[in-house]
């Protein structure tokens, strides 16, 4: 089993070897953990690439580029290999989404 921190900055590549970017965040469903931590937490999504970094730093209104964890084919040699057809492209948040996010 890997620790979450081991995924930071790993290369994300397609099965064909095309570089998509580097991991900047991992997403999991559920409430954030404060204080006590769970030994296991399911990762649902990887955030990667330039927009992933900008979103992680809070410097952009664009949604980060992500890939669902189910799309990960293997992890080897410091690389996360994903199914090319399953990655999600970044898109800009609408004004409605921005307002909803700011009220949460």
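Here, each number is a calculation from the coordinates, and none is a lab measurement. Keep in mind that this is a model prediction, so the values were computed, not measured. For neighbour counting, all protein chains shown are included, and Cβ atoms are generated from backbone atoms with ideal geometry for every residue, glycine included.
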Label points 7 Å out from Cα along the Cβ direction at residue 69 and residue 40: separation in nm?
1.1 nm
Extension gain from residue 28 to residue 57, taking 0.36 nm per residue of separation minus the Cα-Cα distance:
8.6 nm
Using label points projected 7 Å from each Cα along Cα→Cβ, tell me how many nm separate residue 19 and residue 2, to one decimal.
1.8 nm
